[in-house]
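The values are calculated or read from the model by the stated rules, or taken from the named source; none is laboratory data. All of these numbers come straight from a predicted model, not from anything done at the bench. Note that we place each Cβ from the backbone using ideal geometry, even for glycine, and neighbour counts take in every protein chain shown.
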Amino acid sequence: MSSTVYAITFDCGDAAELAEFWARVTDRKVDAGGSATFASVGVQDEQPGAPRMMFFTVPEGKSAKNRLHLDLMTSDLDAEAERLVSCGATRGAEFEEFGAHWITLTDPEGNEFDLVSG
């Protein structure tokens, strides 16, 4: 017996708003029936190879650095970083380490994620 990953789940202040941000980032649609309490991307009509994402509103805000984050890959680091900022992300520091080049960003609720040159 084993387990498989079903979805990436975000605790947040507004599920509908954060789902819309991540739908724009991944060029997908928010699933029908979403609300400020719960919303999802890819749960109702799964795209092969694309992760399901679920968003749940919780009463407490984010208080520290993520212990787990998403790494997104792009062929044009600067152009994609600009696009993500136009979607509502905040650009952070840029790094070149371990043979990789990436920019750390945050989503509208402050969750960190990395955009990696590939």
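Quick notes on this structure:
- Residue check, R91 without any contact (Cβ under 8 Å) to a residue 24 or more places away in the chain, touching a helix residue (DSSP H, G or I) at 6+ places or on another chain (Cβ under 6 Å) and at negative phi: yes
- Residue in region 103-111 that is at pLDDT 95 or above, surrounded by fewer than 16 Cβ atoms within 10 Å (Cβ to Cβ) and among the acidic types (D, E) present: no
- Test: residue in region 6-28 that is over 27 Å from S117 (Cα atoms), loosely packed, with under 13 Cβ neighbours inside 10 Å, among the aliphatic types (A, V, I, L, M) and modelled with pLDDT of 95 or more: no
- Contacts under 8 angstrom Cβ, first residue in region 6-34 being farther than 18 Å from L68 by Cα, partner at pLDDT below 95 and surrounded by fewer than 21 Cβ atoms within 10 Å (Cβ to Cβ), 6 or more apart: G13/G61; T26/A50; R28/Q47; R28/A50; D31/Q44; D31/D45; A32/Q44
- Of all residues in region 67-91, those satisfying the criterion of being surrounded by 14 or more Cβ atoms within 10 Å (Cβ to Cβ) and farther than 16 Å from I8 by Cβ are T74, L77, E80, A81, R83, L84, C87, G88, A89, R91.
- Unique residue being of a type in the set (F, W, Y) and out of contact with any strand residue (DSSP E or B) (no Cβ under 8 Å at 6 or more places or on another chain) when the list is F38, F98: F98
- Residue in region 41-50 that is more than 20 Å from A16 (Cα to Cα), of a type in the set (V, I, T) and in contact with a strand residue (DSSP E or B) (Cβ under 6 Å, 6 or more places away or on another chain) present: no
- Matching residues, region 9-65, being of a type in the set (A, V, I, L, M) and touching a helix residue (DSSP H, G or I) at 6+ places or on another chain (Cβ under 8 Å): V25, V30, A36, A39, V41, M53
- Within region 25-54, being touching a Gly at 6+ places or on another chain (Cβ under 8 Å) and not polar (S, T, N, Q) holds for R28, D31, A50, P51, R52, M53.
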